[in-house]
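Notes follow once the structure below has been shown.
The values are calculated or read from the model by the stated rules, or taken from the named source; none is laboratory data. From a predicted model like this one, the values you see are computed outputs, not experimental measurements. When the accessible area is computed, the model is the full protein with side chains, heavy atoms only, and any ligands, DNA or RNA have been set aside. Shrake-Rupley method; radii C 1.70, N 1.55, O 1.52, S 1.80 Å.
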Amino acid sequence: NCLSTLRHETLTYPARVLKLAGRMKSGADDESVSYMRELVLYYREIYDILSRNVRRQADDVFVRVERTDVAALVNAVCDRFHQKSDGHLRVSVPSQIPDCMGDAALLEFLLDSLLAEASADPAAGDIRLVCAEDGDFLRIALEDNRITRRTDNPEMMFTPLWKENNMHYSLCRQIIREMDEAMGHPGCRINAENRRDGGLLIWFGLPLARE
C-alpha cells in the first residue's frame, strides 16, 4: 500500500507543482505562491513518511518496542518544526520528560503529523507540550491555545467516524494502535477535547520505562 501510494503521489504532486510553476513565469500573485508552498510542503511530508515506512517494512519489522528517550525525540521534532515553520506557531516543551517504551520512529511520525496538522491553521498562537505520569503511563498532551482550533465532537477526531478524511489523524490513530498491539500493554490511546478557555487539547499515552 505504501509503495502504491508513493508511486501515485510521486507522479501527481510534482506534476501539479511544475504546471503551477509554468503559469507563474508570467507573474505570481500571493495566492499562487501560497498554494505552491502548500503543495511542496505536503509532497515533502507525504514522501518522507511513506518512503520511511517502505524501508521499515522491507526489514519485515513494523514496530520496534524499546526504551525511548522521549525528551530528546520531542526536542528534535520541535526544533525541526520551528526551522521549517513560518513562525506563526511556536511549541514549548518541558525541561524534563521521562523515558517511555515504544517505537521511536513511529513516535516521531506521530509528533510530526500532529504538528503538521496544527500548523495548517494559519492563526498565530502557541502549543504547550505537557507531560504527566498517570499510573504506568506517561500522558503527553499538546495544548493549542488558538480559538480557531475548537471543533465539534473532538472525541471523534481519531476514530473512523470523524467527519473529515484527515491523513494526519488517520496516521496517528494507526500508530497508536500498532504500538498498543506490539507492546501487549493495553492503554496506549490518543484522544482530543476542547479546552475550557479556548483551543484544543490532544493527548496520547505511552508506557513508562521502568528500571
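Computed over the chain, the per-residue total of -39500 (n - 2.57) for DSSP H runs of n ≥ 4 gives a 222 nm mean residue ellipticity of -16500 deg cm²/dmol, rounded to 500.
For region 132-196, how big is Rg over Rh, using alpha carbon atoms and the Kirkwood form of Rh? Write out the running numbers ahead of the final one.
On the way: Rg = 13.1 Å, Rh = 13.3 Å.
Reported Rg/Rh (Cα atoms, Kirkwood Rh): 0.99.
Classified by the C-alpha gyration tensor, region 170-211 has an oblate form. Its axis ratio a/c, with a ≥ b ≥ c, is 1.5 or above, and a/b does not exceed b/c.
Ranked from largest to smallest solvent-accessible area, with a 1.4 Å probe on the protein heavy atoms, Thr148, Thr68 come out as Thr148, Thr68. Rounded to the nearest 10 degrees, the inclination of helix 104-119 to the longest alpha-carbon principal axis of the chain is 50 degrees. Surface composition of the chain: carbon and sulfur make up 49 percent of the accessible area, probe 1.4 Å. In a Debye calculation with equal point scatterers on the alpha-carbon sites of the chain and no solvent, what is log10 I(q)/I(0) at q = 0.10, 0.17 Å⁻¹? Calculated log10 I(q)/I(0) at the listed q: -0.48, -1.32. Output the 0 to 90 degree angle, nearest 10, between the alpha-carbon long axis of helix 2-24 and the longest principal axis computed from the alpha carbons of the chain. Roughly 40 degrees between the two axes.
With the whole protein complex present, Glu66 retains an accessible surface near 90 Å², based on a 1.4 Å probe.
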